[in-house]
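The values are calculated or read from the model by the stated rules, or taken from the named source; none is laboratory data. All of these numbers come straight from a predicted model, not from anything done at the bench. Reconstructed Cβ throughout: ideal geometry from the backbone, glycine too, with neighbour counts over all protein chains shown.
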Amino acid sequence: MPAIRVAIEDASGSAVQSATAEVTIRLAANPTGATLTGTTTVRALGGIATFTDLSLERPGDGFIFQAQSTGLPPATSAEFSVRLPFVQASAGGAHSCGVTVAGFAYCWGAAGQVGDGTAVRRLNPTPVVGKLTFAQLSAGIDHTCAVTTNNAAYCWGANGQGQLGDGTTDGRQSPTRVAGSASFTQVSAGVLHTCGVTGLRTAYCWGDSRFGKLGDGTGIGWGRTGVRPGERGRQP
């Protein structure tokens, strides 16, 4: 959000330019249960306390800030809204996800596919847990895979055919890293399988192998689960 400026004023409403008191800011109204992060206590300079790195991870309307300083009555802001600026979105079968300009992933839709660590259906964009920053994501029929800003692949959601690539067929409600040591630049989540491209322009696929959709020349069986070399399946 833009920098927040809080003025220490005298009884006439003029800024006290000599004031250097510490000012603390908090949410007086928080309609979505958002977490306020950043530096919430700063020292005034020239009578003005400037908060430059505050952020809220949940969108909504009706937020209100309250500023406090020792020995002074608190002051509240006008109501304001929080909107998520997305740079990418991907629609899956019963859920959707997007990446914000800050690189954080948000999902909404069917229970267990949102990546927020719960099995709760979400009707509004909900932050994916783990504090990972992503460069790209793809929503499949009932799972999602994404590439972090340091080229690691993570997946979450349904995993009955190994489409999450973590070497299991266990569903995951939060991001789980794809097995192996490959560094990815892009992933694409399908119905029951996933494919990705590495920085060396090599393609890997994992999950359901019927109809030859993993591209490994076999077209047989269920569940290429993304395990490491020497184990069953195909390495992502």
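Structure data summary
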{"read-out": "Any pair with Cβ under 7 angstrom, 6 or more apart, that starts in region 171-184 at a residue that is touching a residue at least 12 places away in the same chain (Cβ under 8 Å) and ends at one that is surrounded by 19 or more Cβ atoms within 10 Å (Cβ to Cβ) and of a type in the set (Val, Ile, Thr)", "value": "Pro175/Val128; Ala179/Val227; Phe184/Val147"}
{"read-out": "Test: residue in region 36-49 that is closer than 30 Å to Thr148 by Cβ, polar (S, T, N, Q) and modelled with pLDDT under 95", "value": "yes"}
{"read-out": "Top-ranked residue in region 211-236 [being part of a loop (DSSP other than H, G, I, E, B), at pLDDT below 85 and touching a Phe, Trp or Tyr at 6+ places or on another chain (Cβ under 8 Å); ranked as surrounded by the fewest Cβ atoms within 10 Å (Cβ to Cβ)]", "value": "Gly219"}
{"read-out": "Residue that is at pLDDT 95 or above, small (Gly, Ala, Ser) and crowded, with 18+ Cβ neighbours inside 10 Å, where the choices are Gly115, Gly93", "value": "Gly115"}
{"read-out": "Subset of region 59-68 (residues that are small (Gly, Ala, Ser) and at pLDDT below 95)", "value": "Gly60"}
{"read-out": "Per-region count, region 159-184, residues under 15 Å from Leu137 (Cβ atoms) and either among the aliphatic types (A, V, I, L, M) or touching a Gly at 6+ places or on another chain (Cβ under 8 Å) (or both)", "value": "8"}
{"read-out": "In region 1-48, the residues that are in a strand (DSSP E or B), of a type in the set (A, V, I, L, M) and in contact with a strand residue (DSSP E or B) (Cβ under 9 Å, 6 or more places away or on another chain)", "value": "Ile4, Val6, Ala7, Ala15, Val23, Ile25, Leu27, Ala28, Ala29, Leu36, Val42, Ile48"}
{"read-out": "Strands (runs of 3 or more DSSP E) lying entirely in region 105-210 (those with 1 or more residues that are of a type in the set (Phe, Trp, Tyr) and outside the structural domain of Thr35 (by TED's automatic domain parsing))", "value": "105-109, 134-139, 153-157, 184-189, 203-207"}
{"read-out": "All positions within region 67-76 that are in contact with a strand residue (DSSP E or B) (Cβ under 6 Å, 6 or more places away or on another chain) and exposed (fewer than 15 other Cβ atoms within 10 Å of the Cβ)", "value": "Pro74, Thr76"}
{"read-out": "Candidate set: region 172-203, residues that are of a type in the set (Ser, Thr, Tyr) and touching a Cys at 6+ places or on another chain (Cβ under 7 Å); chosen: the one surrounded by the fewest Cβ atoms within 10 Å (Cβ to Cβ)", "value": "Ser188"}
{"read-out": "Residue that is more than 32 Å from the chain's Cα centre (by Cα), aliphatic (A, V, I, L, M) and surrounded by fewer than 16 Cβ atoms within 10 Å (Cβ to Cβ), where the choices are Ala7, Ala29, Ala21, Ala44", "value": "Ala21"}
{"read-out": "Residue check for Ala105: of a type in the set (A, V, I, L, M, F, W, C), within 30 Å of Gln173 (Cα to Cα) and at pLDDT 95 or above", "value": "yes"}
{"read-out": "Top-ranked residue of region 75-91 - restricted to ones that are free of Cβ contacts under 8 Å to residues at least 24 places away in the same chain and either part of a strand (DSSP E or B) or of a type in the set (Lys, Arg) (or both), ranked as nearest to Val114 (Cα to Cα)", "value": "Ala89"}
{"read-out": "Residues of region 99-112 classified as without any contact (Cβ under 8 Å) to a residue 24 or more places away in the chain, surrounded by fewer than 17 Cβ atoms within 10 Å (Cβ to Cβ) and within 13 Å of the chain's Cα centre (by Cα), total", "value": "1"}
